[in-house]
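Here is the structure we will look at, set down as structure tokens.
The values are calculated or read from the model by the stated rules, or taken from the named source; none is laboratory data. Because the structure is a prediction, the values reported are computed rather than measured. Virtual Cβ from ideal backbone geometry, glycine too; neighbours counted across all protein chains shown.
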Amino acid sequence: MRLKIHLLTILVSVLTVLSFYLVITDPTPRSELQGHLVQFVQGVPVRAETAAFILPISEPTFFPIRDTAVPVPELTVKSFLVYDTKNEKVIFSKEPGRVLPVASLTKLLTAIIGIDFLEPQEVITISNDSYNVDGEGADFRLQEQFYFKDLLGAMLVKSSNDAALAIAKTLEQKTGENFVGLMNRRARQIGMTESRFIDPAGLGDDGFSTARDLLRLARYSKNYPEVWHLLGLRSLDINAVDGKLTHHFESTNKLWASMPNLKGGKTGYTDGALGCMILEEDLPEQDSSLIIIVLGSADRFGEVKKLSDWSKLAFRWR
């Protein structure tokens with residue numbers, strides 16, 4: 001009996017060593033393994049580097065450390081979160097899973113879909129379907145033509161609803177795909193399970209998301225540097241294809257003067273959604289940045305600034 005136990009122990013030891021050897025000597029290239037992962041994201045042509053949205057594994061950290069002597073600010077916003085990009089953690093939040101309309105924050109996803117399907121120099125015509133769509137004044141002339149890259153800028157800097165609808169219409173004509181369907185499919189692929197989009201501009205309050213889902217979208221959008229380049233502009237001039245007219249747009253972000261380390265952000269507002277915002281601010285001394293998301297605010301700029309100031313006072317990064 002003892003001999004059998006001894007032999008069994010030896011056999012288990014040999015099998016353990018052999019399995020470890022096979023793991024560390026697995027000849028399968030990393031790129032091939034990643035290719036298998038990408039196969040789970042099908043149905044929408046996406047950039048190779050963004051087909052599988054898998055975050056790197058980071059070492060656990062206790063930072064940033066909360067200073068409880070700093071009182072929590074008074075806020076009226078319905079939902080918010082503050083995210084530390086270096087340590088990959090939400091450091092402050094209120095109801096981040098609350099479902100709310102998100103207005104023009106929708107355009108962040110619209111930009112991503114547009115970039116994946118349209119060429120920068122693709123010509124887009126402002127038709128009746130994309131002319132003065134919100135009834136608050138047209139951003140362009142009827143039948144005026146622009147390159148996609150320029151309408152992308154108008155949509156992200158000025159938050160042009162006309163530009164968003166024109167981009168969506170052109171993409172649908174080119175691909176035969178339903179634009180909103182593509183938006184919702186992509187949202188699911190990147191883990192936005194608490195969201196539903198109903199139009200490319202965010203005009204309808206029946207569309208919804210959560211601060212938690214919008215953080216997923218903000219992080220995913222970092223794979224599209226042209227998006228954050230445009231979100232970091234204070235103003236933008238674009239020309240029609242024929243060169244006859246220049247359009248000047250000012251950023252809808254009103255925090256440039258009060259937040260010198262602001263990297264960029266996207267605003268949103270409807271009567272139903274109230275003020276919404278996604279913003280990133282550099283923290284050079286901490287070698288990090290903050291992503292701040294607010295939904296349902298009567299004072300989005302003031303409350304984002306409060307959250308920024310408080311976070312820098314109430315936490316220690318090292």
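Observations on the model:
- Some residue of the range 60-75 being part of a loop (DSSP other than H, G, I, E, B), at pLDDT 95 or above and out of contact with any Asp or Glu (no Cβ under 7 Å at 6 or more places or on another chain): no
- 3 or more residues surrounded by 15 or more Cβ atoms within 10 Å (Cβ to Cβ): qualifying strands (runs of 3 or more DSSP E) within the range 164-275: 262-270
- Positions within the range 133-151 being over 18 Å from H248 (Cβ atoms), without any contact (Cβ under 8 Å) to a residue 40 or more places away in the chain and surrounded by 15 or more Cβ atoms within 10 Å (Cβ to Cβ), in sequence order: F148
- Pairing residues of the range 177-204 that are within 19 Å of K266 (Cβ to Cβ) with residues that are of a type in the set (K, R) and surrounded by 18 or more Cβ atoms within 10 Å (Cβ to Cβ), at Cβ distances under 6 Å and at least 6 apart in sequence or on separate chains, gives I190/R216; M192/R216.
- Failed item in (1) buried (at least 19 other Cβ atoms within 10 Å of the Cβ); (2) not in a helix (DSSP H, G or I), with A111 passing the rest: (2)
- Residue pairs whose Cβ atoms lie under 9 Å apart, separated by 6 or more positions or on different chains, with the first residue in the range 52-76 and farther than 16 Å from W317 by Cα and exposed (fewer than 10 other Cβ atoms within 10 Å of the Cβ) and the second modelled with pLDDT under 55 and not aromatic (F, W, Y), are I54/Q34; I54/L37.
- Residue check for I292: within 13 Å of the chain's Cα centre (by Cα), surrounded by 15 or more Cβ atoms within 10 Å (Cβ to Cβ) and of a type outside the set (D, E, K, R): yes
- Residue within the range 277-288 that is among the polar types (S, T, N, Q), closer than 20 Å to P64 by Cβ, within 19 Å of the chain's Cα centre (by Cα) and surrounded by fewer than 20 Cβ atoms within 10 Å (Cβ to Cβ) present: yes
- Evaluation of S159 against (1) at negative phi; (2) surrounded by 19 or more Cβ atoms within 10 Å (Cβ to Cβ) (one fails), failing number: (1)
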